[in-house]
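Here is the structure we will look at, set down as structure tokens.
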Amino acid sequence: MSEPTSGLSALRERYDALLCDVWGVLHNGVAAYPAAAHALQQWRASSGQVVMITNSPRPRDGVVAQFAQLGVPDGVFDVVVTSGDVTRRLIADAEGSVHHLGPARDLSLYDGLDVGFAPLEEAACIACTGLIDDEAEHPDDYRESLQGAVDRNMPFICANPDIVVERGDRLIWCAGALARLYEELGGETRFAGKPHAPIYEVAREALDGVAVDRIICIGDGMPTDVKGANDSGHDLLFISEGIHGGEYADGAGGVDAGKLDAFFAEHGAGFTRWMQRLQW
């Protein structure tokens, strides 16, 4: 059975750079995790590099502004790469008008892009940042309208491939859940965020030549962080106390390592190290 890693300090000699997930590792959407922020600060203080790699549909500046609101201190990262930033390339390449599906707070995704917007019935494609009201809605609420879009052969651009994220002590549906439904209905989906290659390519460019085997990814999501690291050839530090924590809990606030191994085997995935929450 797998043994947990005591802290990020134990990995410092083995790796030069981190590709670190944000939501579920650095914060939970309500407040920052102080121990995680401290660990990243210490990593950088020992000359390691940190790229925050997130499936947020917002451009980088919006994510950094949110850090301050959630109490993330200065000095935790060198670069932030968001799914929103990479997805902007897909939107710019799309032909015809766009229907924005998601809350109004995500409209900064389109800043500076030459995009024409249209109602769903008239648009050429959908750009989705999430459910319009993720506090109250369920993906199935969109089944009928999305079926109509599938029937019209509209491409679906997904700015956040996450299925769910933590918000405090709850799980909130994300754009990836709508993209999954769109595929089930027979529609064409386009992604740039985790686990897909484009966001990892952009993140590695920011590291300026660090070898793949000297980079370790950190994350808590099986379909995004885990699959993305595995597919990109990177080692993975899995944060177990995230969205999948109930799958392998030991009933006493810890992790049953045997269940954790079985969970990964069930998904045909692998990890290099694991810890419950990121710490130094």
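The values are calculated or read from the model by the stated rules, or taken from the named source; none is laboratory data. Everything numeric here is computed off the predicted structure, so don't read it as measured data. Quick reminder, even Gly has a Cβ in these numbers, built from the backbone with ideal geometry, and neighbours come from all protein chains shown.
Quick notes on this one:
- Inter-residue pairs, beta-carbon under 6 Å, first closer than 19 Å to residue 277 by Cα and in the range 220-241, second among the basic types (Lys, Arg), 6+ apart: 224/194; 237/273; 241/277
- For the condition in contact with a Cys (Cβ under 6 Å, 6 or more places away or on another chain), assigned by TED's automatic domain parsing to the domain that holds residue 157 and closer than 17 Å to residue 159 by Cβ, residue 130 qualifies.
- Among the residues of the range 103-121, those that are within 24 Å of the chain's Cα centre (by Cα), surrounded by fewer than 22 Cβ atoms within 10 Å (Cβ to Cβ) and closer than 24 Å to residue 139 by Cα comprise 103, 104, 105, 107, 108, 110.
- Failed item, numbered, when residue 144 is tested on (1) more than 26 Å from the chain's Cα centre (by Cα); (2) touching a residue at least 60 places away in the same chain (Cβ under 8 Å): (2)
- Test: residue in the range 141-154 that is at pLDDT 95 or above, out of contact with any Phe, Trp or Tyr (no Cβ under 8 Å at 6 or more places or on another chain) and either within 30 Å of residue 217 (Cα to Cα) or aliphatic (A, V, I, L, M) (or both): yes
- Candidate set from the range 184-202 (those that are buried (at least 24 other Cβ atoms within 10 Å of the Cβ) and not hydroxyl-bearing (Ser, Thr, Tyr)); member that is modelled with the lowest pLDDT: 192
- For the range 162-280, the helices (runs of 4 or more DSSP H) that sit wholly inside it and include 2 or more residues that are farther than 24 Å from residue 11 by Cα, assigned by TED's automatic domain parsing to the domain that holds residue 94 and in contact with a helix residue (DSSP H, G or I) (Cβ under 6 Å, 6 or more places away or on another chain) are 175-184.
- Whichever residue in the range 239-280 is β-branched (Val, Ile, Thr) and within 20 Å of the chain's Cα centre (by Cα) and, among such residues, is farthest from residue 228 (Cα to Cα): 243
- Remark: residue 58 falls outside the filter, which requires a residue to be charged (D, E, K, R), in contact (Cβ under 8 Å) with a residue 40 or more places away in the chain, outside any loop (DSSP other than H, G, I, E, B) and under 28 Å from residue 208 (Cβ atoms).
- Test: residue in the range 27-34 that is touching a residue at least 40 places away in the same chain (Cβ under 8 Å), assigned by TED's automatic domain parsing to the domain that holds residue 178 and outside any strand (DSSP E or B): no
- Residue match in the range 36-52 (condition: part of a loop (DSSP other than H, G, I, E, B), at pLDDT 95 or above and among the polar types (S, T, N, Q)): yes
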